[in-house]
Structures are given as structure tokens and as C-alpha cells.
Amino acid sequence: MKKSLKNLSVCVLVLICFQTQAIIIDPVSVQHKKIPTAEEVVQKQLQAYNSRDLEGFVACFSDDVEVLMFPEQVLYQGKDQLRASYQSFFENTPDLYCELIDRSVNGNKVKDEIKITRLKKTKPMKTTVMYVVEEGLITKMYFVN
């Protein structure tokens, strides 16, 4: 009886080891989430902006995003304030369109030179926007005039 119990214990231990190894080395059981590049995140928010897709736009930003007038004047902070500000802007600006003139990327920082049209019959406004992207989300957005 002792020998049977010992053999059973060894079998259980071997099975546990094999199952653990299978979980560790099985590539199907491991899913990797690709974190988008800074440029991909900024491009996605630009497309959502031009579509007036508020939820798609806001999804590109971190919960504690800071939107600033360069260098340090805080315009608003947090996703809720961002959503409230852009919701009104998207709803009340039917001709809204942002044209990308030039983009430069340096690691997790993106600088866009843009022209924003608010009304079709008016001259577009040129400005520069700089973004800091961390873990696939925009954490800071600076407007430079």
C-alpha cells in the first residue's frame, strides 16, 4: 500500500510538472498585446478628430491627460474635462477639419504642424501640437502658438 501511494504521489507530481511546463511554453496560451507606437496613437486621434468621433478621440488619451498651452499653462486635465471640451467643439463646428502639414517623431514624442478649418469660408488656423505618449496613450498634449 505504501509503495502504491508513493507511486501515485510521483505520478501526480510528474503530471503537475508537465502541465506547468505546457502552460509556460505553449505559445497559444500566451497572448501579447501590441502597444501602438506614439505616431500610431497620434494618427488615430487625428482621424477620430476629423470624423468627430468623440469616444474614439478620447480613447487615445490617458485618464489623467494634461492639455496645456506651451510651456506650462494647464487648459484642462483628465479625460472627463477633455471629453466635455471636445464634445461641445465637435457638436458646434460642422466644418471642422484638421490638415496635417508636417509631423516629426522622436521616441514617444510627436510634433504636428497642422491647419485647422472651423468654417469652410474662413482661413484655416495654423498651429503646432506636441504630444507625449506613454504605454499607447497620450499623456500630455501641448498647443504652441
Quick one: how many residues across segment 49-59 are hydroxyl-bearing (Ser, Thr, Tyr) and modelled with pLDDT of 95 or more? 1
Going by what's in this entry, would Ser62 be described as hydroxyl-bearing (Ser, Thr, Tyr), at pLDDT 95 or above and not in a helix (DSSP H, G or I)? yes
I'd like to verify a number: residues in segment 78-102 that are surrounded by 15 or more Cβ atoms within 10 Å (Cβ to Cβ) and closer than 19 Å to Glu40 by Cβ, how many? 1
Taking segment 65-77 on its own, how many of its residues are surrounded by 17 or more Cβ atoms within 10 Å (Cβ to Cβ) and either β-branched (Val, Ile, Thr) or assigned to a helix (DSSP H, G or I) (or both)? 2
Checking Thr139, Thr127, Thr117 in turn, the sole residue that is among the hydroxyl-bearing types (Ser, Thr, Tyr) and under 15 Å from Asn50 (Cα atoms) turns out to be Thr117
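Residue-by-condition table, conditions (1) touching a Leu at 6+ places or on another chain (Cβ under 9 Å); (2) within 18 Å of Leu119 (Cα to Cα); (3) of a type outside the set (Gly, Ala, Ser):
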site	(1), (2), (3)
Asn50	yes, yes, yes
Lys79	no, no, yes
Phe89	yes, yes, yes
Asn92	no, yes, yes
Counting only residues that are open to solvent by 50 Å² or more (accessible area, probe 1.4 Å) and part of a strand (DSSP E or B), segment 116-129 contains a total of 2
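Among Glu135, Glu113, which is the only one that is of a type outside the set (Val, Ile, Thr), touching a Ser or Thr at 6+ places or on another chain (Cβ under 7 Å) and either open to solvent by 50 Å² or more (accessible area, probe 1.4 Å) or in contact (Cβ under 8 Å) with a residue 60 or more places away in the chain (or both)?
Glu113
The values are calculated or read from the model by the stated rules, or taken from the named source; none is laboratory data. Note that the structure is a prediction, hence the values are computed from the model and not measured. Every residue, glycine as well, gets a Cβ built from its backbone with ideal geometry; the counts of neighbours run over all protein chains shown. Surface areas here come from the heavy atoms of the whole protein model, side chains and all, with no ligands, DNA or RNA. Shrake-Rupley method; radii C 1.70, N 1.55, O 1.52, S 1.80 Å.
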